[in-house]
Each structure stands twice: as structure tokens, then as C-alpha cells.
Amino acid sequence: MLFKYEGFDKEGKKIKGKIEADSENEAKEKLNSLYITDIKPVKKIDFNFSFTKVPKKELIKTFNTLGLYLKSSIPLVSALNLTKNQSENNKIIKFLDYLQQSIKEGKSLYNSLESQKIIKLPSYVKSTIKVGEESGKLDIVLIEIARFLKDENRLSSKTSQALIYPLFIIIVAVFTVSFMLTTVVPKIVKVFQNLHEQLPTITKIVIASGNFLKNNFLFIFAAILILIITYYIFYTKNRKFKLLIHKILLKIPIIKQIIIAKELGRFSYLTSTLVNSGVNYINAVNLAVNTIQNEAIKEKFEKALKDVIEGKKLSVSLKKAGFNYDISFLQAIALGEETSQIDTVLKNLSEIYFEENEARINTLLSLIEPALIVIVGGTIGFIVTAMLLPMFSMNIIK
């Protein structure tokens, strides 16, 4: 099996490459002389857009329940069995049953999660669980993971629910405009042709648009489909292309603030959780950096991580790396490092970012709805005006 990896060599230089191994653990053993920050198998193109085949709420409930049982001093195997008995989701039951059997065979929870193929988990979840096992704070880590996923899921669900109405408007608008251009407009055009009248420019534009859409519908549909597939392939397989898209997103007002707050909030929360679980600060930063999804922001953190490994402060390293997305974040980090209260500062930062993001998302959604109504109404109004204008002109002439 082929794995690709990224990290740093003994001299602190960034490296990346590919290596053959039977498992991820074997690949890590072969690379134990290097400081590896990310390793994952090279996969074929997968058009499954879902993150996991089970609802996030089920995953959150599972981690939280398991953590609470462990906190009550119940052994891991028994806790897995009790959690399994409380679930009604077949995937979760199968997932927990596999973990239970694997742990009975002597494997750790982390190794069991690595070997299972039932539910796809983010690498940071597995890495955090590994840290929790090693530090003896697995119960706390599982509860914190559940809390973190719950906060993220709450924002995602709220956004998805709020976007249902705007999405409905867009779909109705597309079908309405397409119907008008391909069915209604051609019938009115026949009337104008019989009268041999000179048509206004906007009427000609609408007629030409209708004819083009009607005559090239399959071509347009195929072109859009090809563009979507091509974009997906480049976005998932080409980091430079992904980096370009992410840089563009960071230039769009409101969207920029939402992305920055989301990424810094996630980084702050996970780093504070890991430090509180007894993880070395450098390792905690390393694990948290790997959870950053925006490549432009991640690039700055990866540059800073190299200096952090050498013993420099994160705040100084980020500033040196050109991080200028949120100066207050750097100031807060610097304060936490100076007072040795970095875990507390990061926890407070994560709460602030989550609250700010919720407000920004509400603002964005409140702007989208009226904007769509204006655009849709304007488009339909333009078509209707283009069809009525010749009639008014003929009446005036008469």
C-alpha cells in the first residue's frame, strides 16, 4: 500500500514524499527518524462527498456516552458494550462491536480505530484519542471531542437549515426562467414575426438567449457537469489549486471572517484540549495544525511550526511566517505564552470565535435572502419587460 507523508527532517527542513508499507503504523515506523506531521494512504478518486456514512449526531452521542462511562471508572470493553446497547444505528453498533472485539484481542483503542473500515474518522480525532490513551485521560478527551464536534455541527446545521429557503428560490428561479425562455418566449416571438415589426434590443437579447438555451441544452448541461467533476478532481488532488481557491475565499468580505474564525477557533479548542490532557505543547500545536482545512492559513501555521519545533514561541513564529489574518489572535497567544496560561487563553479564544462566527453566519444569511429575491425578481422582470416592450411600441405607433 502506498502512503504519502509530510513533515520535517532532523535539520528542521520541510519534506514530503511517498512510501510503500502494509499499514500506516508500518509506514510511521519506517519514518521514525523524521518528524512526520501528516501521513495518509494514496487513494483512487472517490466521488463520495459525504464525510461519514453515519449522522454526526450519532457520532457525537457515541463519543460522549463512551467518555461518560469511562469517567465512571467502567473498563473500556464494558463501556463500549454499554454504549453499543444504547445505540439504534446499525453502523454505530457494528463500529463499536468491532472496537470491542479488537480491544479484547489486545489492541489499543487508537490501533483499533486505525484498522476499522466501518466509519471514516478525521485523523485529528484518532490522534487526539491516541494522546488521551497515552496520558490516561481518555474519558476527558472523548467528552471534549464530542463537545467540539457538537459545536461545529450546530453551526453547520444552522447554516444548512437557513440555506434551504434561498436554495429553493434559486431552483424555482432556474426552472421558471428556463421555462419562460424555452416555452413562453418562442410563442410570443411568432406573433412578432407575423407583424414584421422592428424589435427592441433587449427583446432581441431575450429571444437569442431563449434560442441558445433551447438548442444547446444538452451541451450546456454536459459542460456544467464536466466543469464540476474537473473542479472536484483538481480541488481534492492538487494542493496548489486548492490553495488558490482558499486564497480567493479569504478575499471575500464576511466569508473571509467566517473562515478565519472557524479555523482559529478549531485550532484554539483542540490545542487547549490536548494541553489540558497532558500533551506536550509542541505536539499539541502539531496535531491542531493538521486539522486546519484552509490551505492558505495552514501554510502559515506549517511555516511557523518549523520554528516552534526549534523552541521558538508560536506567536513570534506566526508573525515571522506572515500570518496577518487576525492580529488579536497573535496578541492573545503571546500573552498566554508569557503568563504560562496558554491552555486557558486558547480555550477562551475558541469560545469567542465560535460566538462571533454564529453572529456572522446569521448576518450573511440575512443578506442572502433579500439579495436572491432582488436578483430573481429582476431577471424575471427583465424578461417580461422585453416581451411587453414591442407591444407598447406597436400601440404607440397605432
For ASN324, all conditions in the list (1) surrounded by 13 or more Cβ atoms within 10 Å (Cβ to Cβ); (2) within 25 Å of PRO253 (Cα to Cα); (3) under 25 Å from the mean Cα position of the chain (by Cα) hold save one; what is the number of the exception?
-> (1)
Filter the range 307-321 down to residues that are small (Gly, Ala, Ser) and closer than 21 Å to ILE15 by Cβ and give me whichever is modelled with the highest pLDDT.
-> SER317
Report yes if LYS107 is surrounded by fewer than 17 Cβ atoms within 10 Å (Cβ to Cβ), charged (D, E, K, R) and at pLDDT below 85, otherwise no.
-> no
Quick check: is even one residue across the range 46-58 assigned to a loop (DSSP other than H, G, I, E, B), modelled with pLDDT under 70 and more than 25 Å from LYS150 (Cα to Cα)?
-> yes
So which of ALA261, ALA288, ALA304 ends up being among the small types (Gly, Ala, Ser), at pLDDT 85 or above and in contact with an Asp or Glu (Cβ under 9 Å, 6 or more places away or on another chain)?
-> ALA261
Quick check: is even one residue across the range 249-264 within 30 Å of LEU138 (Cα to Cα) and either touching a strand residue (DSSP E or B) at 6+ places or on another chain (Cβ under 8 Å) or not assigned by TED's automatic domain parsing to the domain that holds THR344 (or both)?
-> no
Show the residue pairs that are 6+ apart or on different chains and have beta-carbon atoms under 8 Å apart, the first residue being within the range 326-354 and outside the structural domain of ASN280 (by TED's automatic domain parsing) and among the hydroxyl-bearing types (Ser, Thr, Tyr), the second being part of a helix (DSSP H, G or I) and at pLDDT below 90.
-> none
Of the residues in the range 367-398 that are modelled with pLDDT of 80 or more and not aliphatic (A, V, I, L, M), the one that is farthest from LEU167 (Cα to Cα) is THR385
Are there any pairs, at least 6 apart or on different chains, whose C-beta atoms fall under 6 Å, with the first in the range 213-233 and closer than 19 Å to LEU181 by Cα and the second among the hydrophobic types (A, V, I, L, M, F, W, C) and surrounded by 12 or more Cβ atoms within 10 Å (Cβ to Cβ), and if so, which?
-> LEU213/LEU181
Which helices (runs of 4 or more DSSP H) sit wholly inside the range 285-398 and have at least 2 residues that are within 14 Å of ILE260 (Cβ to Cβ) and of a type outside the set (Asp, Glu)?
-> 295-309, 327-339, 342-397
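The values are calculated or read from the model by the stated rules, or taken from the named source; none is laboratory data. Note that the structure is predicted; figures quoted are calculated from it, not measured. Positions of Cβ are generated from backbone atoms using ideal geometry, with glycine treated the same way; all protein chains shown enter the neighbour counts.
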